[in-house]
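What follows is a single structure, written as C-alpha cells, with notes after it.
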Amino acid sequence: MEIKHIVIAGSVPARSERLSFSQVQELTGLHPTVVGELIELGWISPEHTTADAYLFRTRDVYRLRKLDRIQRDFELPLLGASIVVDLLERIEYLEGKVSELHRLL
C-alpha cells in the first residue's frame, strides 16, 4: 500500500514521501515504545520537525515490518532482530555489487 500526502508549497501541491509517527504505527502495528527505542538506537533516523514530531520515510516502514516479522518468526529480542535486518540489507547490497562486477567482466 502506497501512502502519499499533499503538502501545499505556494499554490502548487507537492507530494510528500514522509509519514507521521501515527501513520508508521498504523502501517507496522508496532508499539510506540518499540519505535521510540529503535530511534534512540539510531536504527531508524526519521526527520525531526520544529513541531517536535517525527517524519519517517517509506523505507523505514519497510524495515520496521521486516524487523517485526523476523523478531516474531525467530523469537528474537529487538536488538537481535535489528542486527539480522542490517545483515540481510548488507548481503543484498553486496550481491548487487558482485552482479555489477560480473557485468563489467
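The values are calculated or read from the model by the stated rules, or taken from the named source; none is laboratory data. Bear in mind the structure is a predicted one, so any value in this text is a computation, not a measurement. Cβ coordinates were reconstructed from backbone atoms using ideal geometry, including for glycine residues, and neighbour counts include every protein chain displayed.
Inspection of segment 71-82 identifies no residue that is closer than 21 Å to Glu17 by Cα and either polar (S, T, N, Q) or more than 11 Å from the chain's Cα centre (by Cα) (or both). Considering segment 28-56, and only residues there that are over 20 Å from Leu78 (Cα atoms) and in contact with a helix residue (DSSP H, G or I) (Cβ under 9 Å, 6 or more places away or on another chain), the residue that is modelled with the lowest pLDDT turns out to be Ala53. Just to be sure, is Ala51 small (Gly, Ala, Ser), on the phi < 0 side of the Ramachandran plot and under 19 Å from the mean Cα position of the chain (by Cα)? No; evaluated as a whole, the condition is false for this residue. Among what's in segment 14-23 and is assigned to a helix (DSSP H, G or I) and out of contact with any strand residue (DSSP E or B) (no Cβ under 6 Å at 6 or more places or on another chain), pick the residue that is surrounded by the fewest Cβ atoms within 10 Å (Cβ to Cβ). For segment 14-23, the residue satisfying everything is Ser22.
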